[in-house]
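Student: Below are the structure tokens for one structure; questions will follow.
The values are calculated or read from the model by the stated rules, or taken from the named source; none is laboratory data. Keep in mind that what you see is a predicted model, and the values were worked out from it rather than measured. When we count neighbours, we look across all protein chains shown, and the Cβ atoms used for this are built from the backbone with ideal geometry, even at glycine.
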Amino acid sequence: MKKAYVKSYGCQMNAYDAGRMADVLAAEGYSATDTVEEADVVVLNTCHIREKAAEKVYSELGRLRVLKGERAESGHDTRIVVAGCVAQAEGREILSRAPAVDVVVGPQSYHRLPDLLRQSRETRVVDTEFPAEDKFDHLPARRNRGVTGFLTVQEGCDKFCAFCVVPYTRGAEVSRSVAAVVDEARRLVEGGVREITLIGQNVNAYHGDGPDGALATLGHLMDALSAVPGLLRLRYTTSHPNDFADDLIAAHATNPLVMPYLHLPVQSGSDRILHAMNRRHTGDAYRRLIERIRNARPDIALSSDFIVGFPGETDADFAETMRLVSDIGFSAAFSFKYSPRAGTPAAEREDAVPEAVKTERLAALQDLLDRQRHAYNAASVGTLTEILVEKTGRHPGQVAGKTPHLQAVQFDAPASTIGTVVPVRITRAGSNSLFGEALEGAAAAA
Ligand code: 5AD
Ligand code: SF4
């Protein structure tokens with residue numbers, strides 16, 4: 001049997017796409033492998049969001065070139081595919097920079113992968129079109145992958161933040177219909193999935209065709225999904241503050257499947273920098289929005305993305321970011337040094353922040369965010385919570401799962417609890433996960 005190795009970099013959208021590519025290849029007779037040395041097809045699903053992410057791809061392609069040569073010596077053909085946002089952004093250039101690559105395919109053309117692989121036997125191929133047909137209509141049905149699953153409901157972004165390549169690599173915002181999403185959700189749940197994370201580059205701008213002919217919001221979509229029997233939890237990511245409609249806030253109070261966790265990137269706390277980033281909101285607008293969300297769901301856990309060292313960022317601007325983090329209090333966060341991306345407006349600016357300053361600011365910010373995360377987890381000790389069990393744990397007899405607030409928890413329970421929600425008391429906070437005890441009888445009953 002032929003084997004396919006699919007490696008994904010970057011965001012959850014890419015992880016979802018990688019799964020769908022594995023499905024496409026499975027329909028062509030390729031079984032999945034984690035061992036690149038035995039793969040007949042290697043797919044790198046790339047990320048272009050920051051410079052480091054893109055450079056990683058080229059070093060990986062250098063290693064793959066050697067591997068391809070070694071396999072050829074023992075009579076094995078290896079097709080190398082570059083997919084994802086580097087493929088979309090650099091297209092044909094990848095063929096000249098990486099001689100081992102056979103196929104370059106953009107995110108809208110994954111359903112064409114079998115054709116592209118066939119064509120690549122004649123000549124190296126590039127497909128970075130935005131095809132007229134909808135790839136979702138041409139992808140094979142999804143196979144079950146565990147207790148939690150991603151489901152793409154929206155792609156693309158119309159926001160054009162000054163630092164970001166996404167509007168260029170992923171194109172304009174497009175939403176799938178409520179019916180298509182509910183249908184895919186049903187299949188996932190039939191396959192054992194209990195928690196679905198709805199994903200989109202700007203997911204709360206979702207506006208898909210609804211059952212009544214009108215456009216549905218993300219709040220409506222989650223209402224429709226809560227009727228899917230067997231589905232226990234819903235999450236969504238990534239959102240933009242300016243698309244946070246009242247009905248989405250309300251969903252956190254009224255829809256019991258919507259988990260009390262929100263990833264809402266703010267990027268900076270300085271109004272001057274936010275303006276330069278074309279974010280179109282201020283630090284205070286973000287604070288007010290969070291206050292409204294907390295009024296609807298007081299226990300909501302908050303996460304965010306931050307960029308330090310955007311061109312022109314002064315010490316005073318950075319202090320505003322630190323002040324915003326202190327004011328809000330995050331349970332988790334991602335923070336990055338600004339890196340210029342070709343083709344974005346910010347890349348044209350000449351007032352770059354020195355690397356050493358970026359390093360210093362990132363360390364200070366991450367230190368504060370780490371302290372907040374630890375404090376958040378420490379405050380959970382002693383509380384009673386519900387864990388959706390995802391898998392067996394690190395030690396025999398243990399299982400692992402997540403709280404509604406997306407904290408990882410390990411506790412003793414039989415593997416038969418996988419896929420169920422178990423009431424657990426948190427007993428201890430480790431550095432990366434919490435530990436707990438199932439309430440008496442709860443785990444045994446599962
Ligand atoms: N430099 C650094 N970080 C970036 N991000 C996006 N573009 C850049 C860039 N050019 C970050 C933002 C975004 C996250 C996915 O990646 O914080 O929310
Ligand atoms: Fe990029 Fe901004 Fe769109 Fe997020 S909202 S994908 S950061 S342009």
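Student: Can you name the residue in the stretch 210-268 that is of a type in the set (S, T, N, Q) and farther than 20 Å from Gly156 by Cα and, of all such residues, is farthest from the chain's Cα centre (by Cα)? Don't jump to the end; show me each part of the working.
Tutor: As a first pass, look at the stretch 210-268 and keep what is of a type in the set (S, T, N, Q): 217, 226, 237-239, 242, 254-255, 267-268.
From the residues that got through so far, the ones that are farther than 20 Å from Gly156 by Cα too are 226, 254-255, 268.
Working: Ser226: 22, Thr254: 25, Asn255: 23, Ser268: 20 Å.
Among those that are of a type in the set (S, T, N, Q) and farther than 20 Å from Gly156 by Cα, it is Thr254.
Student: Residue under question is Val189, and the condition is that it be β-branched (Val, Ile, Thr), under 18 Å from the mean Cα position of the chain (by Cα) and part of a helix (DSSP H, G or I); does it hold? Let's see the steps before the verdict.
Tutor: Values: β-branched (Val, Ile, Thr): yes; under 18 Å from the mean Cα position of the chain (by Cα): no; part of a helix (DSSP H, G or I): yes.
Criteria not met by Val189.
Student: Further question on the same structure: What's the number of the only condition in (1) more than 16 Å from ligand 1 (Cβ to nearest atom); (2) within 22 Å of Leu262 (Cα to Cα) that Pro131 fails to meet?
Tutor: Going through (1) more than 16 Å from ligand 1 (Cβ to nearest atom); (2) within 22 Å of Leu262 (Cα to Cα) one by one, Pro131 breaks only (2).
Student: What residue, of Ala18, Ala22, is more than 15 Å from ligand 1 (Cβ to nearest atom), over 18 Å from Val104 (Cβ atoms) and in a helix (DSSP H, G or I)? Give the steps one after another, and end with the answer.
Tutor: Values: Ala18 fails: over 18 Å from Val104 (Cβ atoms).
The unique qualifying residue is Ala22.
Student: Hey, another quick one. Would you mind stating whether Asp305 is farther than 20 Å from His240 by Cβ and touching a Pro at 6+ places or on another chain (Cβ under 8 Å)?
Tutor: Values: farther than 20 Å from His240 by Cβ: no; touching a Pro at 6+ places or on another chain (Cβ under 8 Å): yes.
Here the answer is no, as Asp305 does not meet what is asked.
Student: Filter the stretch 188-216 for residues that are within 21 Å of Pro229 (Cβ to Cβ) and among the hydrophobic types (A, V, I, L, M, F, W, C); which is surrounded by the most Cβ atoms within 10 Å (Cβ to Cβ)?
Tutor: Narrowing the stretch 188-216 to residues within 21 Å of Pro229 (Cβ to Cβ): 188-198, 210-211, 216.
Cutting the leftovers down to among the hydrophobic types (A, V, I, L, M, F, W, C) gives us 188-189, 193, 196, 198, 216.
Details: Leu188: 24, Val189: 20, Val193: 24, Ile196: 26, Leu198: 22, Ala216: 21.
Top of the filtered list is Ile196.
Student: Just name the residue that is farthest from ligand 1 (Cβ to nearest atom) out of those in the stretch 141-194 that are touching a Phe, Trp or Tyr at 6+ places or on another chain (Cβ under 9 Å) and of a type in the set (S, T, N, Q).
Tutor: Ser175
Student: In addition: So in the stretch 54-69, with the set limited to residues that are under 12 Å from Val86 (Cβ atoms) and in contact (Cβ under 8 Å) with a residue 24 or more places away in the chain, which one is surrounded by the fewest Cβ atoms within 10 Å (Cβ to Cβ)?
Tutor: Quick first cut of the stretch 54-69, residues under 12 Å from Val86 (Cβ atoms) only: 54-58, 60-61.
With in contact (Cβ under 8 Å) with a residue 24 or more places away in the chain added as a condition, the list becomes 54, 56-58, 60-61.
Working: Ala54: 22, Lys56: 17, Val57: 25, Tyr58: 15, Glu60: 18, Leu61: 22.
Top of the filtered list is Tyr58.
Student: Taking the conditions exactly as written (at pLDDT below 95, within 16 Å of ligand 2 (Cβ to nearest atom) and of a type outside the set (Gly, Ala, Ser)), does Arg170 satisfy them or not?
Tutor: Yes: the conditions hold for Arg170.
Student: If you don't mind, there's one more thing I want to ask. What residue, among those in the stretch 128-183 that are β-branched (Val, Ile, Thr) and assigned to a loop (DSSP other than H, G, I, E, B), is surrounded by the fewest Cβ atoms within 10 Å (Cβ to Cβ)? Let's see the steps before the verdict.
Tutor: So in the stretch 128-183, the residues β-branched (Val, Ile, Thr) come out as 128, 147-148, 152-153, 165-166, 169, 174, 178, 181-182.
Now drop any that are not assigned to a loop (DSSP other than H, G, I, E, B), which leaves 128, 147, 153, 165.
On the way: Thr128: 17, Val147: 20, Val153: 25, Val165: 23.
Once the filter is applied, the top-ranked residue is Thr128.
Student: Among the listed residues Phe318, Phe336, Phe310, which satisfies the condition of being within 12 Å of ligand 1 (Cβ to nearest atom), buried (at least 21 other Cβ atoms within 10 Å of the Cβ) and not aliphatic (A, V, I, L, M)?
Tutor: Exactly one of Phe318, Phe336, Phe310 is within 12 Å of ligand 1 (Cβ to nearest atom), buried (at least 21 other Cβ atoms within 10 Å of the Cβ) and not aliphatic (A, V, I, L, M), namely Phe310.
Student: Out of (1) surrounded by fewer than 19 Cβ atoms within 10 Å (Cβ to Cβ); (2) touching a residue at least 24 places away in the same chain (Cβ under 8 Å); (3) more than 16 Å from ligand 2 (Cβ to nearest atom), what's the single condition that is false for Arg371?
Tutor: Result: Arg371 fails condition (2) only.
Student: A further question follows. Report, by residue number, each residue of the stretch 203-219 that is under 22 Å from Thr148 (Cβ atoms), touching an Asp or Glu at 6+ places or on another chain (Cβ under 6 Å) and within 16 Å of ligand 2 (Cβ to nearest atom).
Tutor: Selection gives Asn204 alone.
Student: Can you tell me which of (1) within 16 Å of ligand 1 (Cβ to nearest atom); (2) part of a loop (DSSP other than H, G, I, E, B); (3) in contact (Cβ under 8 Å) with a residue 40 or more places away in the chain is the one Thr197 doesn't meet?
Tutor: Against the list (1) within 16 Å of ligand 1 (Cβ to nearest atom); (2) part of a loop (DSSP other than H, G, I, E, B); (3) in contact (Cβ under 8 Å) with a residue 40 or more places away in the chain, Thr197 comes up short only on (2).
Student: Quick check on my filter: what residues within the stretch 10-53 are touching a residue at least 40 places away in the same chain (Cβ under 8 Å), over 25 Å from Ala185 (Cα atoms) and not basic (Lys, Arg)?
Tutor: Val41, Val43, Leu44, Thr46, His48, Ile49, Glu51, Ala53
Student: Which one of the conditions (1) more than 23 Å from Ala32 (Cβ to Cβ); (2) among the basic types (Lys, Arg); (3) surrounded by fewer than 14 Cβ atoms within 10 Å (Cβ to Cβ) does Arg124 fail to meet, given that it meets all the rest?
Tutor: Result: Arg124 passes all but (3).
Student: Looking at this structure, is Asp284 under 24 Å from the mean Cα position of the chain (by Cα), surrounded by fewer than 18 Cβ atoms within 10 Å (Cβ to Cβ) and more than 16 Å from ligand 2 (Cβ to nearest atom)?
Tutor: Details: under 24 Å from the mean Cα position of the chain (by Cα): no; surrounded by fewer than 18 Cβ atoms within 10 Å (Cβ to Cβ): yes; more than 16 Å from ligand 2 (Cβ to nearest atom): yes.
When the stated conditions are applied, Asp284 does not pass them.
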